[in-house]
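Working notes, structure below.
The values are calculated or read from the model by the stated rules, or taken from the named source; none is laboratory data. Note that the structure is a prediction, hence the values are computed from the model and not measured. Here the Cβ is made from the backbone with ideal geometry for all residues, glycine too, and neighbour counts use every protein chain on show.
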Amino acid sequence: MCVRLFKRRLVITILLTEEVRILIEVRLFATFREGRDKVSLLDTKDFKNAGEIIDHFRIPREEVAILLINGLYSTVDAPVKDGDVLAIFPPVGGG
């Protein structure tokens, strides 16, 4: 993006490359954050479903207690697409 001031007007020029990449945002919670980033952006062309993303982070699938895609409960077999936001939670205890 290029920002210029032109005759007292703010002009924003967006330069597009040949390929526009849309990413999947992955948010990890609680113990899943240990040794990993809190939020990661992944290229959609590398993953077909949520399970492949979980595998990418080397999280055992059976340890995932809650999986949300765009705020809705989902399963590891659910397909992922451009712009999706995944939230992955382990079992959490409290008292």
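For this structure, a couple of remarks:
- Considered as a group, the residues in the stretch 62-95 that are surrounded by fewer than 11 Cβ atoms within 10 Å (Cβ to Cβ) and among the hydrophobic types (A, V, I, L, M, F, W, C) include one that is nearest to ILE24 (Cα to Cα), and that residue is LEU72.
- Some residue of the stretch 57-70 being among the acidic types (Asp, Glu), at pLDDT below 95 and more than 13 Å from LEU86 (Cα to Cα): no
- The residue that is farthest from LEU42 (Cα to Cα), counting only those in the stretch 76-91 that are in a loop (DSSP other than H, G, I, E, B) and out of contact with any helix residue (DSSP H, G or I) (no Cβ under 7 Å at 6 or more places or on another chain), is PRO91.
- Test set (1) over 12 Å from the mean Cα position of the chain (by Cα); (2) among the polar types (S, T, N, Q); (3) at pLDDT 95 or above - THR17 fails condition number: (3)
- Among residues of the stretch 22-51, those that are assigned to a loop (DSSP other than H, G, I, E, B) and under 21 Å from VAL92 (Cβ atoms), counted: 6
- Looking across ILE54, ILE59, one residue alone is part of a loop (DSSP other than H, G, I, E, B) and buried (at least 16 other Cβ atoms within 10 Å of the Cβ). It is ILE59.
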